[in-house]
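Structure first, commentary second.
Please treat every number below as a calculation from the coordinates, not as lab data. Remember, predicted model here, so these are calculated numbers, not experimental data. Don't worry about glycine lacking a Cβ; one is built from the backbone with ideal geometry, like all the others, and counts go over all protein chains shown.
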Amino acid sequence: MLKHLTIRLLLVVSAFFVFSCATTKKASKSKSGATAMAKPPAKKPGKNDIQPYDKVVTKKAVTDNGLFDVHKIDEKYFYEIPDSLFEREMLMVTRIAKTAAGLGFGGGKLSEQVLRWQKKDKKILLRMVSHQVVAADSLPVHEAVVNSNFEPVIATFPIKAFSKDSTKTVIDVTDLYNKDVKPFGFPQGRRQQYRITRVDPSLSYIESLKSFPTNIEARHVKTYAAGRPPSNSNTGAITLEINNSMILLPKVPMQRRYFDQRVGWFTSGTTDYGLDAQESKRLTYLDRWRLEVKDEDIAKFKRGELVEPKKPIVYYVDRATPDQWKKYIKQGIEDWQVAFEAAGFKNAIIAAEPPTVEEDPDWSPEDARYSVVRYLASPIPNANGPHVSDPRSGEILESDINWYHNVMTLLRNWFFIQTAAINPDARGVAFKDEVMGRLIRFVSAHEVGHTLGLPHNMGSSVAYPVEKLRDAEFTQKYGTAPSIMDYARFNYVAQPGDEGVALMPNIGPYDKYAIKWGYRPILDAKNAEDEKATLDKWILEKAGDPMYRFGRQQFGVIDPSSQTEDLGDDAVLASDYGIKNLKRIVPNLIEWTAEDGKNYSDLQTMYGQVLGQFNRYMGHVAANVGGVYEIYKAYDQDGAVYTHVPKDHQKKAHMFLHEQLFETPEWMLDENILNKFESAGSIERIRGTQVRTLNNLLDFGRMQRMLENETTNGNEAYKLYDMMKDLRQGLFSELRSGRSTDIYRRNLQRAYVERMEYLMTNEQPTIPAQFRRFFGGTQVNVSQSDIRAIVRAELKSLRSSLRSGRAGNQMTRIHNQDLLERVDNILNPND
């Protein structure tokens with residue numbers, strides 16, 4: 001059987017061999033001979049077929065080597081992506097490079113996303129990555145996190161070729177920048193604002209794609225069809241140049257340092273489902289630069305010697321910065337060296353000038369390898385210090401401080417209004433370069449603080465007793481506040497005769513403490529959790545000392561000890577000193593702003609600055625009425641976090657408002673000034689100033705806090721009913737005295753009645769819980785609270801006084817009758 005099977009198999013193989021030979025011979029005959037089978041024609045390569053490398057990256061290619069090799073061939077651009085960079089996370093920062101008026105400014109950040117390049121079959125995918133929720137990939141729950149956090153695909157690319165050694169993949173990325181890929185362009189909110197409908201491809205193009213060792217910088221011009229362009233409206237379009245920085249994130253993220261609300265810090269965060277906790281827990285960690293001790297310096301560091309970090313923080317001062325201001329901006333940057341010395345480092349932060357165009361024509365402030373103080377030709381009177389950080393760890397990768405040209409106007413106005421009464425250098429509208437330079441240095445240091453991770457510390461300035469701000473020795477040592485991150489601008493408390501007093505803050509005790517807390521390496525800690533005990537110890541060492549307190553910035557002030565633009569530990573006393581100085585400035589405004597041949601616009605501006613500063617004082621004081629102090633503490637500290645402002649201080653603040661504001665501030669009504677720039681307006685100006693504070697005082701949230709204070713502290717509280725009674729009797733004192741009511745007081749009294757009507761008829765708008773948590777605010781259900789009952793009682797008391805009160809003249813009688821009818825309409829709306 002086996003023998004017959006073997007013979008049959010041999011016959012089959014022989015037959016196949018003969019057939020194959022015959023076929024081969026027929027196919028290989030000469031062209032002159034007849035063939036039974038012709039060779040099939042070669043298949044033409046399809047558009048998306050993978051081609052040989054030389055067919056794609058031709059000799060015409062202009063190549064820029066770097067993170068990805070970038071090839072430019074005619075008008076097309078190609079990325080050559082190493083296999084090692086697939087699945088690596090990259091941070092893309094989208095900024096405006098050049099723009100038209102009204103569309104922002106060069107250097108302004110539009111968006112930030114984490115990206116991932118993936119290879120799938122014959123395509124490359126570009127996906128957007130989120131770190132909002134995480135879990136370690138070694139844990140079972142990791143699969144559930146991945147399933148609920150699927151990464152959207154924002155672009156796909158057919159593979160064009162592989163490198164000759166097959167370790168890189170070539171793709172055409174022209175459309176990524178030429179077409180409207182929204183994460184790479186103008187953000188959706190801005191599109192809606194300007195009614196953008198589409199990109200005009202005929203008016204859009206790639207300016208450049210440049211590759212660097214750790215990043216790729218893409219510049220492309222986009223022209224959008226727009227129904228409401230902010231400038232050049234006759235074009236019906238918006239054109240701007242956009243810069244996309246794609247930065248390779250570290251393969252191993254920097255070790256986190258966990259946040260503590262007792263020390264102010266900008267943060268990143270994630271919800272970690274992989275922790276040993278019976279809840280999904282939010283982890284919040286500091287945004288900070290990677291400052292590390294060199295291996296050879298560890299012993300020195302442990303002995304307490306200052307060491308240089310492996311890689312210092314370097315800020316470049318923009319080439320566009322006027323030469324006379326560069327040194328002051330640099331000084332503001334390097335002022336922070338003393339703070340880093342508290343963290344154990346020397347030369348940790350350095351100011352540098354970029355190379356010239358001749359030295360390096362490719363150097364760009366948009367290059368993500370460089371942190372730059374950008375000088376912007378903008379009328380905005382401001383500066384700001386944003387940063388870009390790794391969302392996985394909080395590591396700050398780069399930062400650009402935006403320095404608007406017109407910030408000098410802001411500095412001039414502040415310095416004039418807050419110090420001119422005692423400071424001859426501030427008396428004028430054009431300061432000497434050295435004076436303006438010192439102000440620029442101050443703002444530079446403040447903005448650098450933001451880029452290091454520090455937010456505003458509005459609770460700093462309250463640490464100093466008001467009278468100490470008049471002490472030259474004290475202020476020269478400590479400045480006007482323990483932190484330059486407060487909005488404690490210039491010393492408006494100091495009075496004539498206080499020679500040698502410091503006028504502004506410097507890098508202070510809190511700044512040094514905060515930088516140490518955030519940056520000093522804890523070498524024996526293996527992970528972020530191990531650092532907690534040491535970090536807590538550092539906080540407890542300073543607990544209770546107001547110099548080291550952090551107070552958050554509020555939008556809707558609850559804590560009067562954590563306000564913007566204030567100085568000292570007593571807003572009533574500090575504001576009283578400030579008003580005395582304003583009263584000294586006003587009679588000199590014409591002289592101090594005068595210049596032959598010039599109109600009175602500067603006089604008008606400075607008069608407006610006087611009014612603005614006065615309004616700030618009123619706000620500082622009003623916040624004490626119904627105020628609640630917020631002093632952050634942890635479980636290992638005694639005492640309450642929230643305590644109400646003492647009753648006597650609240651009453652003192654309330655009385656101050658009557659004396660300084662609700663009694664007409666006639667010192668503002670200098671006709672010799674007002675008749676230089678307006679035909680009318682002083683009555684309305686005073687009314688607006690008074691009404692702003694009156695409405696602030698009669699705020700639903702403030703009234704609710706006063707009710708809670710009474711409930712908790714009884715007679716130790718300044719009760720809402722007592723405050724309302726004091727307010728009414730102060731505003732309508734003419735009804736008891738029989739004096740005539742002048743036009744300023746009549747306007748104020750009408751504003752009071754209108755506000756009372758608002759309290760009777762309106763509900764408080766909802767304050768989102770997240771907003772209350774971060775910025776303050778007190779929510780109340782007005783209709784079910786005691787507020788309306790007290791308001792109604794006050795209106796009835798006012799009605800009774802209006803009926804029985806005396807009037808000094810005919811206009812007062814008309815006014816009182818009008819008020820009576822208004823009150824009746826509120827109390828009896830259906831009559």
Of the listed pairs Lys76/Lys182; Lys98/Lys327; Lys542/Lys652; Lys123/Lys168; Lys468/Lys633, those with alpha carbons more than 23 Å apart are Lys98/Lys327; Lys542/Lys652; Lys468/Lys633
The chain, Cα convex hull volume normalised per residue, Å³ = 307
Please give the peptides 818-826, 640-648, 418-426 ranked by average Cβ packing (other Cβ atoms within 10 Å per residue), highest first, as a rough proxy for protection.
-> 418-426, 818-826, 640-648
Taking the highest mean first, how do the peptides 583-595, 483-495, 379-391 order by number of other beta carbon atoms within 10 angstrom per residue?
-> 483-495, 379-391, 583-595
Listed peptides 244-252, 561-569 by packing density, highest first (mean Cβ within 10 Å) | 561-569, 244-252
Can you tell me the equivalent ellipsoid semi-axes for region 698-831? Use √(5λ) from the Cα gyration tensor, largest first, whole Å.
-> 31, 16, 14
Do any of Lys300/Lys532; Lys55/Lys160; Lys210/Lys310 go past 18 Å between their Cα atoms, and which?
-> Lys300/Lys532; Lys210/Lys310
extent check for region 68-248: Cα max minus min per principal axis, descending, whole Å, gives 57, 41, 26
Please work out, to two decimal places, the log10 of the ratio I(q)/I(0) at q = 0.12, 0.13, 0.14, 0.19 Å⁻¹ from a Debye calculation in which every Cα of region 416-492 carries one identical scatterer.
-> -0.38, -0.45, -0.52, -0.94
D (Stokes-Einstein, µm²/s), Kirkwood Cα radius, region 239-345, 1.567 mPa s at 4 °C = 72
Evaluated over region 530-631, the Cα radius of gyration and Dmax, each in Å | 20.0, 69
Applying the Karplus parametrisation 6.51 cos²θ - 1.76 cosθ + 1.60 with θ = phi - 60° to the phi angles of region 754-761, what ³J(HN,Hα) value in whole Hz is obtained for each residue in order, glycine and proline being reported as x?
-> 5, 5, 5, 4, 4, 5, 7, 10
Per-residue ellipticity at 222 nm attributable to helices in the chain (runs of n ≥ 4 DSSP H, -39500 (n - 2.57) apiece, nearest 500 deg cm²/dmol) works out to -11000 deg cm²/dmol
Take Glu112, project a point 7 Å from its Cα along the Cβ direction, then tell me which residues of region 382-425 have their backbone nitrogen under 18 Å from it.
-> 384-403
Any chance you could give the angle, 0 to 90 degrees and rounded to 10, that helix 787-804 forms with the longest Cα principal axis of the chain?
-> 30
Note: Ala430 to Asn695 extended length (0.36 nm per residue) minus current alpha-carbon separation gives 91.7 nm
